[in-house]
C-alpha cells in the first residue's frame, strides 16, 4: 500500500508541474486577463476538468505558477551567490541572476507592473491582510521569522527599488 501512495504522490507532483509549466506559457502568451483554464488544459494536453482537480480557479493556478517561479529564482540566486568568491562578486551574482531570470521569463511576468505589493517590515502588522482597503490583487509579505540572507536580499531590493536609475544598466 505504501508504494502505491508514493506513486500517486509522484504522479500528482508531476501533473502539477506540467500544469504550472503550461499555465506559464498560456499566461505569458495571453496575459492573466485573457488566459483561460481551457487554454491551460489544451496546452497541457489534458481535459479541462483535470486542471480543476488540481487548481480550483485561474487565480489559484496563476499563484501556484508565481510561487514556483519565485522558488526557482530563490534557488538560482542562492547557488550563484554561494559560489561567489568575494562580496563584490556576490552582489554582482545576485543582481545578474535576478536580471537574467526575469529577462528569460518576460512573457510570464509582463503583468507584474499591475501587481501591488505591500512589504510589512514590522511587528504588529498581522491584521493588515484583513484590511478592507486592500484589494484581492494586493500581495502582502512579512519579515517575521525571516533573517540572514532573505532579509539582506529584501533590504538590497528595497534600495534598488528606491534608486531605479541603477536598474538601467
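The values are calculated or read from the model by the stated rules, or taken from the named source; none is laboratory data. The structure presented is a predicted model; accordingly, all values stated were derived computationally and were not measured. With ideal geometry, Cβ positions are generated from the backbone for all residues, glycine too; neighbour counts draw on all protein chains shown.
Here is a list: 75, 85. Which entry is modelled with pLDDT of 85 or more, loosely packed, with under 14 Cβ neighbours inside 10 Å and not in a helix (DSSP H, G or I)?
Working: 75 fails: not in a helix (DSSP H, G or I).
Within the list 75, 85, the selection yields 85.
Selection of first residues in region 1-17 that are closer than 15 Å to residue 52 by Cα and of second residues that are surrounded by 10 or more Cβ atoms within 10 Å (Cβ to Cβ) and at pLDDT 65 or above, restricted to Cβ pairs under 6 Å at least 6 apart or on distinct chains, gives the following pairs, ordered by first then second residue: 16/54.
Checking 8, 63 one by one, the residue that is part of a helix (DSSP H, G or I), out of contact with any helix residue (DSSP H, G or I) (no Cβ under 7 Å at 6 or more places or on another chain) and closer than 22 Å to residue 110 by Cβ is 63 and no other. The set of residues in region 27-41 being surrounded by 10 or more Cβ atoms within 10 Å (Cβ to Cβ), modelled with pLDDT under 95 and in a helix (DSSP H, G or I) consists of 27, 28, 29, 30, 31, 32, 34.
Of note, residue 123 does not satisfy the criterion of being in a helix (DSSP H, G or I), at pLDDT below 50 and either surrounded by fewer than 10 Cβ atoms within 10 Å (Cβ to Cβ) or out of contact with any helix residue (DSSP H, G or I) (no Cβ under 9 Å at 6 or more places or on another chain) (or both). Candidates are the residues of region 42-59 that are surrounded by 13 or more Cβ atoms within 10 Å (Cβ to Cβ) and closer than 23 Å to residue 106 by Cα; the one that is nearest to the chain's Cα centre (by Cα) is 58.
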